[in-house]
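Trainee: Questions regarding the structure given below will be posed in turn.
The values are calculated or read from the model by the stated rules, or taken from the named source; none is laboratory data. Bear in mind that the values here come from a model prediction, so they are computed numbers and not experimental data. Neighbour counts are summed over all protein chains in view; Cβ atoms, including those assigned to glycine, are modelled from backbone coordinates with ideal geometry. For the accessible areas, the whole protein counts, side chains as well, though only heavy atoms, and no ligand, DNA or RNA atoms are used. Shrake-Rupley method; radii C 1.70, N 1.55, O 1.52, S 1.80 Å.
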Protein chains: 2
Amino acid sequence: MDLITIRDLYRNKENYIGKTIQVGGWLRSNRDSKTFGFMILNDGTFFETLQVVYGQDKLSNFQELTKLNVGSAVIVTGELVATPDAKQPFEIQATEVFIEGPSSADYPLQKKRHTLEYLRTIAHLRPRTNTYQAVFRIRSLIAYAIHTFFMERNFVYVHTPLITGSDCEGAGEMFRVTTLDMDSLPKAEDGKVDFTQDFFGKETNLTVSGQLNGETYAQAFRNIYTFGPTFRAENSNTTRHAAEFWMIEPEIAFADLKDDMLLAESMLKFVINYVLENAPEEMNFLNQFIDKGLLERLQHVVNSDFGHVTYTEAIELLEKNNDNFDYKVSWGCDLQTEHERYLTEQIFKKPVFVTDYPKDIKAFYMKMNDDNRTVAAMDLLVPGIGEIIGGSQREDDYAKLLSRMKELGLKPEDYQFYLDLRKYGSTRHAGFGLGFERCVMYLTGMGNIRDVIPFPRTVNNCDL
Amino acid sequence: MDLITIRDLYRNKENYIGKTIQVGGWLRSNRDSKTFGFMILNDGTFFETLQVVYGQDKLSNFQELTKLNVGSAVIVTGELVATPDAKQPFEIQATEVFIEGPSSADYPLQKKRHTLEYLRTIAHLRPRTNTYQAVFRIRSLIAYAIHTFFMERNFVYVHTPLITGSDCEGAGEMFRVTTLDMDSLPKAEDGKVDFTQDFFGKETNLTVSGQLNGETYAQAFRNIYTFGPTFRAENSNTTRHAAEFWMIEPEIAFADLKDDMLLAESMLKFVINYVLENAPEEMNFLNQFIDKGLLERLQHVVNSDFGHVTYTEAIELLEKNNDNFDYKVSWGCDLQTEHERYLTEQIFKKPVFVTDYPKDIKAFYMKMNDDNRTVAAMDLLVPGIGEIIGGSQREDDYAKLLSRMKELGLKPEDYQFYLDLRKYGSTRHAGFGLGFERCVMYLTGMGNIRDVIPFPRTVNNCDL
């Protein structure tokens with residue numbers, strides 16, 4: 001159907017003022033006096049709405065139209081007229097209104113403001129509200145900005161697998177994947193489940209990270225990134241955890257921790273700029289109704305040179321404020337959100353990279369520093385949220401990696417492919433992980449991860 | 001590190017000829033006479049390689065360099081010199097070669113040509129070969145082309161969920177997701193597994209399609225698309241089936257089957273053009289070594305107006321050739337690949353949409369035609385492969401959808417959210433599904449799906 005979009009009307013109104021056009025959309029409101037009616041129409045293509053004026057004189061179905069409920073779908077034909085004195089720049093004066101699909105009186109989205117909690121119970125309808133129109137368009141724009149950032153820099157997008165036969169990293173928090181009949185499981189001689197009869201001939205789980213696979217491609221294409229779903233079967237019911245979420249994990253070869261931080265900083269700035277440029281209406285709405293300081297905070301991030309501080313220095317800075325922390329810090333401890341936010345908000349007053357963490361609180365694959373007690377890791381902390389990105393240079397020395405794995409009780413035979421990379425043309429390389437939903441929360445100001453995922457999966461919740 | 005990429009050298013050589021530059025990469029080959037050596041370097045950023053000339057006079061580590069194995073990583077400094085008489089446009093004359101990481105003699109990728117079967121056994125190393133460099137760069141470009149196509153048209157990218165509580169569509173072929181201890185399952189009173197104790201409090205599976213969820217967002221944003229993994233626990237070991245693959249599923253509101261076909265045709269042409277423009281070296285290689293007719297076939301697709309034929313007409317055309325088919329056709333039967341290819345290759349000699357299939361061989365949600373025996377479905381068939389896209393207009397009438405569901409024995413209470421869309425401002429709408437891997441196979445000429453997925457998952461195969 002050749003309908004003009006409301007986006008097009010707003011962006012190119014000079015093409016349409018004074019012309020007869022056809023627009024399709026859903027009613028946000030509908031009111032009438034005896035001879036005139038006014039519909040507010042949203043067509044999903046644009047955050048702003050279009051006012052439709054319809055009169056009894058021109059429309060044979062006038063009475064029927066006045067009875068249309070909120071949510072109804074209509075196709076309107078009429079002249080677009082400039083309205084210089086009104087809040088909106090134009091309106092459409094209808095010569096025909098075709099009822100595409102009426103909405104019934106029990107429509108769960110009435111004109112009044114609903115709570116986010118209530119809207120979560122109608123995940124299939126909530127994208128029709130202002131807040132979720134803004135959030136999910138921005139989510140989409142962020143995804144594209146990320147792809148664009150990496151593709152413009154000639155990175156290769158790699159789809160790492162979701163189902164994995166390795167349960168090396170955090171088995172306890174993984175979802176098992178199986179096609180065995182749970183009510184009648186085949187048993188092996190030892191009485192345990194016989195997974196050789198399962199679909200893949202062995203135990204399989206949903207991945208928690210694509211990084212190790214990603215590294216194999218970085219050693220072939222130099223610069224790669226992944227962007228796909230990851231899963232965590234964590235039994236934690238917080239505003240920041242979901243069982244299913246998306247991750248971006250770039251990996252760069254012939255690169256060290258400095259290159260890694262430069263990449264992370266450029267990427268985050270690129271994404272913020274992209275959203276500010278491409279969704280001004282949505283961002284203004286969120287700034288006004290969801291998170292008052294949002295725009296200012298993001299502008300500040302874009303205009304800052306990110307700070308850098310080692311973990312050891314950061315601990316010294318934080319110890320001075322130990323009286324005010326719930327968890328006291330000391331060298332060797334993991335940083336809590338309160339510490340991270342204090343560092344970025346109070347001390348640096350801008351985004352800051354914390355580097356060179358104690359090896360004991362970081363993963364086995366991170367490159368050991370010369371001091372043999374810290375690793376070349378980095379976390380990026382941002383005001384308002386704390387950690388948003390975590391990365392590291394990877395251990396590229398075969399012997400060191402092997403000995404670190406043994407030290408931690410990992411079985412080298414489970415990582416043969418990973419060790420191979422250190423045997424056949426190993427290069428310095430680094431990478432990081434960005435939790436996509438955390439990024440969406442950060443850019444939209446939304447406080448609950450359930451509100452930035454179309455159909456969120458959390459403990460005891462897998463609806464629709 | 002400020003290394004010049006080989007891509008940059010080839011694309012902007014005028015900036016570098018005569019200058020001293022630094023390049024990092026992996027050895028494809030290394031040979032030497034007594035005083036001179038020649039390395040062929042690939043750095044993963046570009047399909048073509050760079051020749052490095054290194055001499056005993058300038059390099060103190062000359063002897064060490066001559067012993068480097070294929071696969072070694074080096075960083076070369078030297079002058080880029082034009083070589084107008086050689087096959088390659090330039091070479092680098094090394095003043096320094098730093099050995100970033102040597103490769104051992106047992107490197108599984110020697111200079112000789114390996115079979116694809118062998119390379120499948122080293123999924124972590126095969127992207128270093130020409131064929132997989134081409135395939136996986138093109139895979140990445142196709143993904144970006146798809147995102148770009150939809151984003152330029154203001155579609156919203158929606159992440160539909162992977163873990164689903166609905167087993168409505170094809171339960172038998174789904175993977176179960178669980179955190180229950182398989183060796184000690186909790187039982188309910190009836191002796192069956194008690195899934196209320198599972199992570200989500202009920203039975204969950206991996207999704208086979210995001211379409212139904214996608215439709216809810218199309219009724220909010222008008223035009224949306226999904227691009228994410230889907231899963232099929234089909235026990236079929238063919239060259240075209242994987243247990244885990246990616247799907248693109250656009251959904252458009254205020255749109256009918258014609259709009260849907262127009263969208264599919266535009267998208268496919270856009271993607272092909274994008275790849276031809278952005279990966280000429282890779283496409284030429286594939287055309288030469290993998291699939292001789294590839295470029296001609298794709299050019300033909302781009303330059304054709306796709307054909308249109310109804311299923312009923314197609315059956316009439318095919319019946320004339322029944323003697324030559326393994327499976328004879330007659331009205332009501334599903335089309336096999338041999339029939340699809342005959343239609344598109346022999347009869348139409350170009351891509352063709354087959355429309356209006358019998359309702360009994362299509363899904364419940366497809367819009368019933370007025371004849372009450374066919375539905376507004378379409379499959380796009382392309383030469384060389386058969387079906388590549390399948391779509392339909394959706395049933396948007398509440399009563400008709402409900403009665404069709406009951407006819408097929410589906411429980412309306414399982415689809416309440418889906419029925420709601422037909423109750424609250426229903427619109428004509430349509431969509432289609434494109435199997436991403438099938439698209440990659442089509443554009444690269446690769447014949448086995450295991451060769452277009454970085455780490456493929458198939459029956460009894462979940463390595464790395």
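Trainee: What are the semi-axes of the equivalent ellipsoid of region A:408-447, taken as the square roots of 5 times the eigenvalues of the Cα gyration tensor, listed largest first and rounded to whole Å? Each step should come with its number before you reach the end.
Mentor: On the way: eigenvalues 254, 43, 10 Å².
They are 36, 15, 7 Å, listed from largest to smallest.
Trainee: GluC sites (Glu not before Pro), restricted to region A:175-239: which are DSSP loop and have at most 13 other Cβ atoms within 10 Å? Intermediate results must be reported in sequence, preceding the final value.
Mentor: Working: sites: A:189, A:203, A:215, A:234; in loops: A:189, A:203, A:234.
Loop-located and lightly packed - A:189.
Trainee: Here is a further query. Relative contact order, percent, of region B:218-304 when contacts are C-alpha pairs under 8 Å separated by at least 6 residues? Spell out each step's value before the answer.
Mentor: Values: 61 pairs, mean separation 20.1, N = 87.
After rounding, I find 23 percent.
Trainee: From the label point of residue B:256, set 7 Å along Cα to the beta carbon, how far off in nm is each other copy's matching point, shortest first?
Mentor: In ascending order, 6.6 nm.
Trainee: Normalised radius of gyration for region A:93-141, please: alpha carbon Rg relative to 2.2 N^0.38 Å, two decimal places. Walk me through the intermediate numbers first.
Mentor: Numbers: Rg = 13.9 Å, N = 49, 2.2 N^0.38 = 9.7 Å.
Taking the Cα Rg and dividing by 2.2 N^0.38 Å, one obtains 1.44.
Trainee: Using only the alpha carbon atoms of region B:239-380, find the Kirkwood hydrodynamic radius as the inverse mean reciprocal pair distance, in angstroms to one decimal.
Mentor: On the way: mean 1/r = 0.0580 Å⁻¹.
Averaging 1/r across every pair of different Cα atoms and inverting gives 17.2 Å.
Trainee: Can you tell me the alpha carbon radius of gyration of region A:354-412 divided by the globular rule-of-thumb value 2.2 N^0.38 Å?
Mentor: Normalised Cα radius of gyration, region A:354-412: 1.22.
Trainee: Over the Cα atoms of region B:6-101, what radius of gyration and what Dmax do you get, in Å?
Mentor: 12.2, 34
Trainee: Counting only heavy atoms of protein chains, what accessible area per residue, in Å², does the protein assembly as shown have with a probe of 1.4 Å? Please list the in-between numbers first.
Mentor: Details: 36070 Å² over 928 residues.
Per-residue accessible area for the protein assembly as shown comes out at 39 Å².
Trainee: If you count, for every residue in B:59-72, the Cβ atoms of partner chains within 10 Å of its Cβ, what is the mean? Walk me through the numbers before you get to the answer.
Mentor: Values: counts 0, 0, 0, 0, 0, 0, 0, 0, 0, 1, 2, 2, 5, 3.
Across B:59-72, the average partner-chain Cβ count within 10 Å equals 1.
Trainee: Distances from residue B:104 to the same position in the other copies: list them in nm, one decimal, shortest first, using label points 7 Å from Cα along Cα→Cβ.
Mentor: Copy-to-copy label distances for residue B:104: 7.0 nm.
Trainee: Looking at the calculated P(r) for region B:317-445, what percent of the C-alpha pair distances fall above 17 Å?
Mentor: Numbers: 5307 of 8256 pairs.
So the pairs more than 17 Å apart make up 64 percent of the total in region B:317-445.
Trainee: Quick one: how many Å² of residue B:331 are accessible to a 1.4 Å probe, rounded to 10?
Mentor: 90 Å²
Trainee: Here is a follow-up. Copy-to-copy spacing for residue B:328, label 7 Å out on the Cα-to-C-beta vector, in nm, shortest first?
Mentor: List, nearest first: 8.9 nm.
Trainee: Quick one: Debye curve from the alpha-carbon atoms of chain A only, equal weights, vacuum; give me log10 I(q)/I(0) at q = 0.11 Å⁻¹ to two decimals.
Mentor: -0.99
Trainee: Can you list the trypsin sites (Lys or Arg not before Pro) in region B:1-109 that are in a DSSP coil and have 15 or fewer other beta carbons within 10 angstrom?
Mentor: On the way: sites: B:7, B:11, B:13, B:19, B:28, B:31, B:34, B:58, B:67, B:87; in loops: B:19, B:34, B:58, B:67, B:87.
Filter output for region B:1-109: B:19, B:34, B:58, B:67, B:87.
Trainee: At what distance in angstrom do the alpha carbon centres of region A:340-387 and region A:228-278 lie from each other?
Mentor: 15 Å
Trainee: So, one more: Take the residue pairs A:362/A:423; B:202/B:367; A:13/A:87; A:359/A:423; A:406/B:111; A:258/A:362 and return only those whose Cα atoms are more than 26 Å apart. Don't jump to the answer; show the numbers that get you there.
Mentor: On the way: A:362/A:423 23 Å; B:202/B:367 32 Å; A:13/A:87 15 Å; A:359/A:423 23 Å; A:406/B:111 34 Å; A:258/A:362 18 Å.
Pairs exceeding 26 Å: B:202/B:367; A:406/B:111.
Trainee: Cross-link partners among lysines for residue A:411, C-alpha distance below 17 Å, same-chain residues fewer than 8 apart left out?
Mentor: The reachable lysines, counting only those whose Cα sits under 17 Å from residue A:411, are A:400.
Trainee: What is the diffusion coefficient of region A:35-76 in µm²/s, taking the Kirkwood radius over Cα pairs and the Stokes-Einstein relation at 20 °C with a viscosity of 1.002 mPa s? It would help to have the intermediate numbers written out before the result.
Mentor: Working: Rh = 11.1 Å.
The estimated diffusion coefficient comes to 193 µm²/s.
Trainee: Assigning unit charges at the beta carbon (Lys, Arg +1; Asp, Glu -1) and nothing else, what dipole magnitude in debye, to the nearest 20, does region A:61-207 show about its Cα centre?
Mentor: It works out to roughly 700 debye.
Trainee: Which value, in Å² rounded to 10, gives the accessible area of residue A:371 with a 1.4 Å probe and all protein chains present?
Mentor: 80 Å²
Trainee: Which percent of Cα pairs goes in each bin when the distances of the protein assembly as shown are cut into 10 angstrom slices starting at zero?
Mentor: Percent of Cα pairs in each bin: 2, 11, 19, 23, 21, 14, 7, 2, 0, 0, 0.
Trainee: Given the options B:177, B:18, B:388, identify the residue whose Cα lies farthest towards the positive end of the charge dipole of chain B (+1 on Cβ of Lys, Arg; -1 on Cβ of Asp, Glu).
Mentor: It is B:18, whose Cα lies furthest towards the positive end.
Trainee: Tell me the accessible surface of residue B:272 in square angstrom (1.4 angstrom probe, heavy atoms of protein chains only), to the nearest ten.
Mentor: Solvent-accessible area, nearest 10 Å²: 0 Å².
Trainee: Right, another one. Sorting A:407, A:251 by accessible area (1.4 Å probe), largest first, what list results? If you can, show how the numbers build up before the last one.
Mentor: On the way: A:407 115, A:251 5 Å².
Final ranking, largest accessible area leading: A:407, A:251.
Trainee: Still on this structure, I have one more. Mind computing the radius of gyration and Dmax over the alpha-carbon atoms of region A:273-356? Å is fine for both.
Mentor: 15.9, 46
Trainee: When the Cα centres of region A:124-185 and region A:44-79 are compared, how far apart do they sit, in Å?
Mentor: Distance between centres, Cα-based: 39 Å.
Trainee: Please express the Cα-Cα pair-distance distribution P(r) of region A:39-198 as a list of whole percents, one per 5 Å bin, running from 0 to the bin with the greatest distance.
Mentor: 1, 6, 10, 10, 11, 10, 9, 8, 8, 7, 6, 5, 4, 2, 1, 1, 0
Trainee: How high is the relative contact order of chain A, given as a whole-number percent (alpha carbon pairs under 8 Å, six or more residues apart)? The partial results should precede the final answer.
Mentor: Details: 828 pairs, mean separation 59.1, N = 464.
13 percent.
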